[in-house]
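All remarks here apply to the structure that follows.
Read-outs throughout are calculated quantities, based only on the coordinates presented, and are distinct from any laboratory measurement. Since the model is a prediction, treat every value here as computed from it, not as a measurement. Please note: Cβ atoms are built from the backbone with ideal geometry, for glycine as well, and neighbour counts cover all protein chains shown.
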Amino acid sequence: MFASLFSIASLMLSTFLMMVGYGLMNYLVPVRSVAEGWSPLLISLIATGYTVGFTLSCIVTPTLVLRVGHVRVFGALITLLTAAILASSLVVVWQAWAVFRAIAGFAVAGCYLVIESWLNERVTNESRGSMFSVYMIVTLSGAIGGQYLVPLGDPETTTLFIVCGIVFAISILPTALSTAQSPAPIAQVQLGLGKLYRRSPVSFIGAILAGILSGTWSSLGGVYTTGSGLSTAQGATLLAAVLAGGALGQIPIGKISDMTDRRYVMIACGVAGLIAAFAMFFMSPATPNLLYFTAFIVGSMLYPIYALNVAHANDRADPSEYVTISSSLMVLYGLGTVAGPLIGGSAMEIAGPNGLMLYLSVGFAIYAAYAAWRVWRGNPMVTAEERSDFHAIAVPMRGTDPAGSLAVDYDEEYSAPSTHDDHARTG
């Protein structure tokens, strides 16, 4: 394990620094947007720019890496990310910010894809679980640490934007100066949305809903904390609680889903998320500790549901289909992140900041109801022998499969059999 850790040390340091900038950026931008007096609808339009860029990058970045390699693409994307956040401090106009956020979304998604592809090549099947646990800790601690930089400065000045740009810029250094061998070129992957729906309708719809839920929170969570009357430090703590819940909640949820029909777990997560988000709708900043705890519960349901969709789809697929299905799920998730903030911003426009929690409640309810309907239709559950392993995702990352959507030999990683009848694979 120590040999594996040493081989990815420079990559993890670059990831940590990038995530510090990510956490700072994703809290700084909505706080500054509110300070500018922009309405929730305008802020959601800006956030949509980010998700459009993010989704587009999931399609384009693999081709770029294939042409020029991981290190060059990573350096180019970090440069774009740095330029986008610095430009945001110079041109404070919402239309321009929508463009800057699209560039940032494209760069962030591309960096995620490069990092995970690189990481998958550096670890063995025996150490994969441990290494991705380290990866999750690195991303979580970096994102939370970045959020807590916001209270140290004034979001209405350029200082924090410059600090964010500096952090992004230096994040390329550990990887660029590393003597470790660069990863091999990646393989191109084709989408198979029709095949995914035939294999697992609940994962198809669930991926869209998961994108709507997490995309909305990631884009508008900072607007919610600011508009609810929380201080900047309290807002950072609440956002950190959601991230921590998303990371820690995946462990028990994943283990339970490996032992039973994952659709039952989807229903339970949807119901629990509905209750927690609806409870937050009635809470006030006067009880911050209760608010943090409930936000932790929301996060523990918000992020694992995408990983549940991935695992359930893999349960019902042949090993040769894993890469295609993973890529299809990622695109569907991305489409959800595009639509989510627009609808969520409208809900906040009508019902105020707490309208976001009401909107999330509805999303969780639909997620649970659709999974329950698929169970009610009577599709048989996958047997224990056919079930693949649940893989946790790094929670700040939106729409990527930690098993590796760019360059992984899935036939070696998974033990699911390649032959089971089509009826058993539909659900």
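Can you sort Asp261, Asp315 from fewest to most other Cβ atoms within 10 Å of each residue's own Cβ? Spell out each step's value before the answer.
Details: Asp261 19, Asp315 27.
So the residues, fewest neighbours to most, are Asp261, Asp315.
Going 7 Å from the Cα of Ser284 toward and past its Cβ, which residues in the stretch 219-235 have a backbone nitrogen under 14 Å from where you end up?
Correct set: 228-230.
Full-extension gain between Leu90 and Ile162, please, as 0.36 nm times their residue separation minus the C-alpha to C-alpha distance.
Working: separation 72, 0.36 × 72 = 25.92 nm, distance 1.03 nm.
Value of the extension gain: 24.9 nm.
Relative to the present Cα-Cα distance, how much length would full extension add between Ala9 and Asp318 at 0.36 nm per residue of separation?
Numbers: separation 309, 0.36 × 309 = 111.24 nm, distance 3.42 nm.
Taking Ala9 through Asp318 to full extension adds about 107.8 nm, to one decimal.
Once fully extended, how much extra length lies between Ala351 and Asp154, figured as 0.36 nm per residue of separation less the alpha-carbon to alpha-carbon distance? Please report the intermediate quantities before stating the final value.
Numbers: separation 197, 0.36 × 197 = 70.92 nm, distance 2.83 nm.
The span from Ala351 to Asp154 would gain 68.1 nm if fully extended.
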